[in-house]
Amino acid sequence: MPKPLTFESWLQPEASGLFCLPGKFHIDPHRPVPRAVITHGHSDHARPGHGAVLATPETIAIMQTRLGPECAGSFQALALGERVGIGGVAVRLLPAGHMLGSAQVVMEYAGARAVASGDYKRRADPTTRPFELERCHLFITEATFGLPVFQHEPDTREIGRLLASVHANTDRTHLIGAYSLGKAQRLIALLRRAGYSRPIWLHGAMRSTCELYARLGVDLGDLPLVSNADGKLPGEIVLCPPSALKDRWSRRLTDPVMAFASGWMRVRARAHQHGVELPLVVSDHADWPELVSTIAETEAEEVWVTHGREDALVHQIGLMGKRGRALALVGFEEEGE
Ligand SMILES: [Zn+2]
Ligand SMILES: [Zn+2]
């Protein structure tokens, strides 16, 4: 009987990212490589300069919009659920539920199945397809919120708090800081779903990503630009990048209620640090209970942890009777989450 291959013999964590040896491709590399599989369009995953890129059609559209049509030598679109063979490795992309176009990478080689999650969440999100669980031998998980203290509120509760504040403060503008790709569009979609049909005003930096979502079929309603407003928008909702919360830009609004939509708003000091009056715990990453239950559901015997707080989750994986390993890949950021 031949000894089964170790995962390390065909999947190698390198400084530039996870490398699939027989397929000769990297996943979300942070340096230019000949062949890259990209899980989603956030800037710490989708970087310019690769020779060839394989990704979902939505992720390719996002990359070409943000980084330019020539940001890679060539693009190959792979629809969610479709299979392609790369150097003897069967590769599929499955929905990750993180943002529009986001995917997990399923790799099958020599009788073993490995799944690289990319960023993911398990909760419903009107702007993206829900996470699809795939049983596997090796699961490579993100750990952005990999501490037990991180338990995100239901988004309906957070949207309810926001709308209650809007109704109670008709003489003030509600200014919400939100990451401009993914989070902003989800927030708008959640507001629409909650019945909010008024225009939602945008900082200019939000415009191109919202237009892109609309072009890709996500209807977000009326989204005028603040720069086109006549007055100072009392009683209205305005979205801006988190960095604009504190700058002079917000002075054009009426006594704004500063809000910030982020998983980090669970940490009071963070809200304080950003001068946030109304913290909204809305996250596009799995919280601790979702990380632990997802790991259990994959039935993986081995779990590699990347992209965040790795130690606590690796310890938890050991308690679950599985082999855990912290990858400590470099180059990932907090994404303004
Ligand atoms: Zn992301
Ligand atoms: Zn990320």
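The values are calculated or read from the model by the stated rules, or taken from the named source; none is laboratory data. Quick caveat: nothing in here was measured; it's all calculated off a predicted structure. For neighbour counting, all protein chains shown are included, and Cβ atoms are generated from backbone atoms with ideal geometry for every residue, glycine included.
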Report task. Would you check if Thr144 is more than 30 Å from Glu302 (Cα to Cα) and either in contact with a helix residue (DSSP H, G or I) (Cβ under 7 Å, 6 or more places away or on another chain) or surrounded by 14 or more Cβ atoms within 10 Å (Cβ to Cβ) (or both)? Result -> no
Query raised in the report: Does the range 84-107 include one or more residues that are modelled with pLDDT of 95 or more and either acidic (Asp, Glu) or not assigned by TED's automatic domain parsing to the domain that holds His30 (or both)?
Result: no
Query raised in the report: Quick one: how many residues across the range 274-314 are in a loop (DSSP other than H, G, I, E, B), charged (D, E, K, R) and modelled with pLDDT under 95?
Result: 1
Query raised in the report: Only one of these conditions is not met by Asp44: (1) more than 16 Å from ligand 1 (Cβ to nearest atom); (2) among the acidic types (Asp, Glu); (3) at pLDDT below 95. Which number is it?
Result: (1)
Requested in this report: Consider only pairs whose beta carbons are under 7 Å apart and that are at least six residues apart or on different chains; among these, list those whose first residue lies in the range 117-134 and is farther than 21 Å from Ile188 by Cβ and whose second residue is within 11 Å of ligand 1 (Cβ to nearest atom) and of a type in the set (Val, Ile, Thr).
Outcome: Gly118/Thr39
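Would you list the strands (runs of 3 or more DSSP E) that sit entirely within the range 112-231 and hold 1 or more residues that are within 30 Å of Val91 (Cα to Cα) and among the charged types (D, E, K, R)?
Working: elements: 112-116, 138-143, 174-177.
By residue number, 112-116, 138-143.
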